[in-house]
Amino acid sequence: MDNKEGAVLAIDIGGSKVMTSVVCADGKIYGESRADLIQPLTKPRLLETISNLCRETMRQYGKSNLICAGAAIPGLTDSKNGIWVYAPFSGIGDFPIRDLLEADLGLPVYIDNDVNACALGEIYFGACKDVKDFFWITVSNGVGGSVVINGSVHGGN
């Protein structure tokens, strides 16, 4: 990696798959580990899949340069308390995913709704770098939106 300082373990939890990568402060992405989610989805199976992918990514790219992990969660989140509140597509809810991942990975973990995370990514690295106000819409297994006003995400979960 060119600029390993400030690298983050990125976790993208979708309705049908999980992906992990290392994202550096300059926006470069290294590696991609991916696994399909086995239905019916259960909390233990989901946590095991995420943990295995994270460990694989950390083995490939080194844990020593990681400052934290960030997880994009499909559905409602309580980001402050690290709780995956509810996802209509999978039925996962009331899941203290942040604390479980922190204990497993040995890194601080931050979570947010996946659509809010997309909007934030656009602010820093995407087509909206120079745009102060926009509306981000994601259409996938579900539909979600996030409003950016004056450069700050105002997601509705």
Taking the residues in the stretch 60-116 that are surrounded by fewer than 20 Cβ atoms within 10 Å (Cβ to Cβ) and of a type in the set (D, E, K, R) as candidates, determine which candidate is nearest to GLY145 (Cα to Cα). ASP78
Those residues that are farther than 21 Å from ILE83 by Cβ and at pLDDT 90 or above, I need them from the stretch 31-52; list them, please. SER33, ARG34, ALA35, ASP36, ASN52
Out of ASP94, ASP130, ASP112, I need the residue that is more than 21 Å from ALA25 (Cα to Cα) and of a type outside the set (A, V, I, L, M). Which one? ASP94
Against the definition (modelled with pLDDT of 95 or more, outside any loop (DSSP other than H, G, I, E, B), surrounded by fewer than 20 Cβ atoms within 10 Å (Cβ to Cβ) and out of contact with any Ser or Thr (no Cβ under 7 Å at 6 or more places or on another chain)), how does TYR124 come out, yes or no? no
Out of the strands (runs of 3 or more DSSP E) lying entirely within the stretch 1-107, which hold 1 or more residues that are under 14 Å from the mean Cα position of the chain (by Cα)? 7-13, 17-23, 29-36, 66-73, 76-78, 83-86
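The values are calculated or read from the model by the stated rules, or taken from the named source; none is laboratory data. Values in this document were obtained by computation on a predicted structure and should not be read as measured data. Using ideal geometry, Cβ is built from the backbone for each residue, glycine included, and neighbour counts are taken over all protein chains shown.
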